[in-house]
Structure formats: structure tokens, C-alpha cells
Amino acid sequence: MIGRTRSAAIAIMLAAPTMLLMSGCASSRRPADTALCRIETRPTGLPGHDGKGEPGRHAMRQWDVPLDAGWDTAVEPKTDGYARFRKSIQNGPNAEVQGHLLSARGDYNASLVSMAGKEYVKPASCFERAIYGDFMTEAVRDTKVNGFDGYVLENPTTRMVRALYELTPTEDANGPDPIDVVVAEQRRAGWSLLFEIHAHPVSRDAATNRSGAVAPTVKDAAYEARLKSEMGLREARITNGVVTARIPADAFHYFQSDE
């Protein structure tokens with residue numbers, strides 16, 4: 001445990017709402033969700049980062065949407081990838097009942113997110129769902145793809161929001177993460193870092209340790225703490241394509257880490 005003791009952390013987290021049952025996206029949307037989500041663009045490959053020559057890595061993607069496109073509202077995007085994903089989970093593990101998923105995972109970090117409830121766990125945003133749909137489309141084509149890791153940035157001058165993410169293969173990559181280098185370059189070019197985001201997909205295979213619970217693992221917690229120190233990260237998001245945990249940087253030290 002980093003920072004405070006278990007009892008102190010739990011006492012603080014209990015101050016947040018505790019109801020986590022997400023029985024349906026439509027019934028748990030935020031007030032601003034009446035706005036339409038207008039994501040009309042598609043992700044593109046990033047030149048020079050096609051995954052070739054980078055063992056264990058897949059291509060890096062960039063997806064730009066207008067700042068006023070309703071990208072952060074909890075409206076389902078009109079993308080083929082997300083539509084296929086939603087259809088695929090109708091008879092699969094219920095990703096919407098997040099409280100059950102957190103309880104099933106059963107570790108300390110999952111318990112903290114569970115106690116924080118709706119303070120942290122919210123319906124996935126339109127952009128998050130669109131990215132998740134893109135990931136799921138690629139996962140069907142390539143069985144080594146089991147998630148995605150990336151960042152969302154904004155540029156107030158161009159009034160655009162940009163997602164930079166790479167699809168994560170099963171094996172770990174060695175050496176510095178190229179996406180961190182690209183993000184640093186783009187920040188120098190005027191882009192501001194909004195949050196880090198990665199997927200915890202729902203899986204039928206317990207051996208993958210990917211239950212769909214949107215709580216940081218001990219590796220996640222260490223990584224996010226490092227990003228806060230090195231990049232000034234303000235928020236980390238973990239999504240399963242239906243709900244997303246939005247964890248503020250000032251809460252990172254409550255979570256167990258492998259460092």
C-alpha cells in the first residue's frame with residue numbers, strides 16, 4: 001500500500017457514493033448526455049509507428065475529433081466497430097453490472113473503486129466507446145491484440161481532441177514505450193494532456209486476469225503514479241467499453257502498486 005494505511009484509505013473512499021450497479025447505460029447517463037456525439041472521423045495510422053521493427057508492439061493510432069463534437073458524453077457512437085461489440089456482449093459476460101465484476105476480482109484496488117462507486121465509475125464516453133470498438137475490430141483480426149493503451153489530448157488553438165493509442169499484444173514489449181515519446185513531442189507542439197486511458201476487456205477466460213473490472217492492477221497503479229510524476233498526469237481512465245473508471249491523480253497513492 002502506498003501512502004496511507006488500508007483503514008485510512010477505506011474511510012476516505014467510503015465518503016463517496018457506494019452504489020455501483022450499472023444496469024443500463026441509458027438509465028445512468030449524466031445530464032450533459034442529451035448532446036449528440038458527432039464522431040464522423042476515423043482513426044489513422046501514425047507515420048513511422050506501424051509496429052514494424054518494434055518487437056511486441058502493434059501499430060500506433062491517432063484519432064482526431066472536434067472539441068465540440070460531444071466526445072465526452074455517454075452517447076453510443078455511430079461506428080460499426082462499437083455496434084458489433086455491443087451486439088457481441090448481449091449473450092456474454094454482463095459488462096454493465098460493474099459492481100459484480102469488481103467483487104469477483106476481489107483484490108484491494110478493486111475494493112477501493114467499488115467503494116468509490118459512481119464518484120469514479122461512469123458510463124463510458126462516446127469517444128471511449130468508439131476507441132473500444134476499433135480495438136475490438138482489430139482483436140477479431142489478430143488474436144494477439146488483447147487491449148489498448150493510450151492518451152487523450154486537446155489543442156485549444158485548433159479546437160481538436162486527439163486520441164493516441166496502440167493496440168496491446170499478449171507479449172510485453174521491451175524498451176521505452178514509443179507512444180510516450182510521441183505524446184511528449186505533441187505536447188511540445190501545443191497539445192495538452194487530458195488523461196491516460198487503457199482497456200480492461202471482459203473475458204470468459206479467468207487465466208487472462210481480465211475480468212472487465214475497471215480498477216487498476218498493481219502494475220497499472222505504478223505506471224499511473226510514474227506518469228503523474230513525469231508528465232503531470234491529472235487523470236487515469238480504465239474502460240471495458242461500457243463503463244469507465246475516472247481516477248483523479250490525487251487518489252493514485254491510495255492504490256496498491258508493485259513498486
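FYI, it's all coordinate maths here, none of it is from the lab. Just so it is clear, the model here is predicted, and its values are computed rather than measured. Reconstructed Cβ throughout: ideal geometry from the backbone, glycine too, with neighbour counts over all protein chains shown.
What ranking do C37, C126 get, fewest neighbouring Cβ atoms within 10 angstrom at the top?
Placing the least packed residue first, the sequence is C37, C126.
For F195, enumerate residues with amide H under 5 Å from its amide H, sequence gap 5+ or separate chain, H modeled in the peptide plane.
Amide H to amide H, under 5 Å and 5 or more residues apart or across chains, F195 pairs with V152.
Enumerate the calculated ³J(HN,Hα) couplings along the stretch 156-163 in order (Karplus 6.51 cos²θ - 1.76 cosθ + 1.60, θ = phi - 60°), each rounded to whole Hz, writing x wherever the residue is Gly or Pro.
So the Karplus estimates, Gly and Pro as x, are x, 6, 8, 6, 10, 10, 10, 9 Hz.
If we count other beta carbons within 10 Å of each Cβ, what is the order of D80, D72, fewest first?
D80, D72
R0 = 22 Å: FRET efficiency of T137 with S192, Cβ-based, nearest 0.05? If you can, show how the numbers build up before the last one.
Values: r = 29 Å, r/R0 = 1.31.
Result of the calculation: an efficiency of 0.15.
Using the number of other C-beta atoms within 10 angstrom as an exposure proxy, rank M231, M115 with the fewest first. Don't skip to the end; give the middle numbers.
Numbers: M231 15, M115 21.
By the 10 Å Cβ count, ascending, the order reads M231, M115.
Taking 0.36 nm per intervening residue step and subtracting the Cα-Cα distance, what contour gain separates L67 from R42 on full extension?
Working it through step by step, the gained length comes to 7.5 nm.
Grab the beta carbon distance between S229 and K78, set R0 = 41 Å, and tell me the FRET efficiency rounded to 0.05.
Given R0 = 41 Å and the Cβ-Cβ separation, E is 0.60.
Once the other residues with Cβ under 10 Å from the Cβ of E259 are scored (Lys, Arg +1; Asp, Glu -1), what is the net sum?
On the way: positive: K219, R226; negative: D258.
After counting each charged neighbour, the total is +1.
Modelled label-to-label distance, V218 and D107, 7 Å Cα→beta-carbon offset: nm?
My value for the distance between the label points is 0.7 nm.
How large is ³J(HN,Hα) for each residue in the stretch 214-227, as worked out from phi by the Karplus curve 6.51 cos²θ - 1.76 cosθ + 1.60 (θ = phi - 60°), to whole Hz, x for Gly and Pro?
Values per residue, Gly and Pro as x: 8, 10, x, 6, 5, 5, 4, 4, 5, 5, 5, 5, 5, 5 Hz.
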